[in-house]
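*Asks:* Would you mind keeping the following structure in view while I ask a few things?
The values are calculated or read from the model by the stated rules, or taken from the named source; none is laboratory data. Note that the coordinates shown come from a computational prediction; the quantities given were computed from them, not determined experimentally. Cβ atoms come from the backbone with ideal geometry, glycine included; neighbour counts cover every protein chain shown.
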């Protein structure tokens, strides 16, 4: 099955939050929330030269977890950095992997986060 760019954006956000959740658990953080996961991802983006707020990330995540909702990440640098956060060199590599295996595009094998 061919994965569209927009579906890749959705997978990118869901898996970035899943990785953030795993990192928070490994750091023994209690009461993990979407806010804390978004902060973690936002910190990664900011520390790599692109300021992107946790609210924007949370909105993207909420859209990604809503069936039928289209997810569009407008900033190319955010797309590239999220791909790198998941262990890819660039978004093109992430997309190539998702075209081959849509079940788990994260190289680090994080489980998608439960939306509830």
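*Asks:* So which residues in the stretch 71-97 are touching a residue at least 60 places away in the same chain (Cβ under 8 Å) and more than 18 Å from residue 6 (Cβ to Cβ)?
*Replies:* Step one: list which residues in the stretch 71-97 are touching a residue at least 60 places away in the same chain (Cβ under 8 Å), which gives 71-73, 79, 82-83, 85-86, 91, 94-95.
85 - this is the single residue of the stretch 71-97 that is touching a residue at least 60 places away in the same chain (Cβ under 8 Å) and more than 18 Å from residue 6 (Cβ to Cβ).
This table checks each residue for (1) closer than 16 Å to residue 94 by Cβ; (2) over 13 Å from the mean Cα position of the chain (by Cα); (3) at pLDDT 95 or above.
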site: 3; (1), (2), (3): yes, yes, no
site: 13; (1), (2), (3): yes, no, yes
site: 31; (1), (2), (3): no, yes, no
site: 35; (1), (2), (3): no, yes, yes
site: 41; (1), (2), (3): yes, no, yes
site: 45; (1), (2), (3): yes, no, yes
